[in-house]
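For reference, the structure I am asking about is given below.
The values are calculated or read from the model by the stated rules, or taken from the named source; none is laboratory data. All figures in this text were calculated on a predicted structure; none of them were measured in a lab. With ideal geometry, Cβ positions are generated from the backbone for all residues, glycine too; neighbour counts draw on all protein chains shown.
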Amino acid sequence: MGKVIIVEGKTDREQLLKVLDEPVEILCSNGTLSYEKLEEWAEWLESSEIYILVDADDPGNKLRKRINQEIPEVRHLYTHKMYREIATTPLDVLAEILEHAHFAVRDLELN
């Protein structure tokens, strides 16, 4: 399938779409995931490079742990704790995080 990033919500997805410059599937967990949904994702994502980028807070950490249990090959991306949320992380910081993980990112100075 290619690259997939799991985020918590729609605003997180929208932030990433402003920065990414390559096709990436972005899945929203909507904060919580049932066991059945995780199992469905695990089967569907078998041939993908899977990343998780969630908020630097307790619910984000719980979700990260839960996904890691079901999909142990997931690669973890982190926002800086000072921003706490993906939706409020500055675009240049998100670009740096994604670029470090070998994603193609937009030249934000052109926008």
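For (1) in a helix (DSSP H, G or I); (2) of a type outside the set (A, V, I, L, M), each residue gets a yes or a no:
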| site | (1), (2) |
| --- | --- |
| Asp12 | yes, yes |
| Ile52 | no, no |
| Gly60 | yes, yes |
| Thr89 | no, yes |
| Val93 | yes, no |
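Checking Pro23 against (1) out of contact with any helix residue (DSSP H, G or I) (no Cβ under 6 Å at 6 or more places or on another chain); (2) over 17 Å from Glu99 (Cβ atoms); (3) without any contact (Cβ under 8 Å) to a residue 60 or more places away in the chain; (4) not β-branched (Val, Ile, Thr), which test does it fail?
Just one mismatch for Pro23, condition (2).
State all residues of segment 58-111 that are surrounded by 12 or more Cβ atoms within 10 Å (Cβ to Cβ), acidic (Asp, Glu) and at pLDDT below 90; if no residue qualifies, say none.
Glu70
Condition check: farther than 30 Å from Glu109 by Cα, free of Cβ contacts under 8 Å to residues at least 12 places away in the same chain and either loosely packed, with under 13 Cβ neighbours inside 10 Å or touching a helix residue (DSSP H, G or I) at 6+ places or on another chain (Cβ under 7 Å) (or both). Does Asn30 satisfy that?
Here the answer is no, as Asn30 does not meet what is asked.
Which condition from (1) touching a residue at least 12 places away in the same chain (Cβ under 8 Å); (2) within 14 Å of Leu20 (Cβ to Cβ); (3) not aromatic (Phe, Trp, Tyr) is the one that Ala56 breaks?
(2)
Here's something else I'd like to know. Kindly indicate whether any position in segment 89-101 is under 14 Å from Gln15 (Cβ atoms), of a type in the set (S, T, N, Q) and in contact with a strand residue (DSSP E or B) (Cβ under 8 Å, 6 or more places away or on another chain). Break it down stepwise before answering.
As a first pass, look at segment 89-101 and keep what is under 14 Å from Gln15 (Cβ atoms): 89-98.
Now narrow it down to the ones that are of a type in the set (S, T, N, Q): 89.
Retained after the next criterion (residues that are in contact with a strand residue (DSSP E or B) (Cβ under 8 Å, 6 or more places away or on another chain)): none.
Checking segment 89-101: not a single residue is under 14 Å from Gln15 (Cβ atoms), of a type in the set (S, T, N, Q) and in contact with a strand residue (DSSP E or B) (Cβ under 8 Å, 6 or more places away or on another chain).
For segment 35-43, indicate whether the set of residues that are in contact with a strand residue (DSSP E or B) (Cβ under 9 Å, 6 or more places away or on another chain) and modelled with pLDDT of 90 or more is non-empty.
Among the residues of segment 35-43, not one is in contact with a strand residue (DSSP E or B) (Cβ under 9 Å, 6 or more places away or on another chain) and modelled with pLDDT of 90 or more, which makes the answer no.
A further question on this structure: Provide a single number: the residues in segment 46-70 that are within 14 Å of the chain's Cα centre (by Cα) and closer than 17 Å to Gly2 by Cβ.
Total meeting the criteria: 6.
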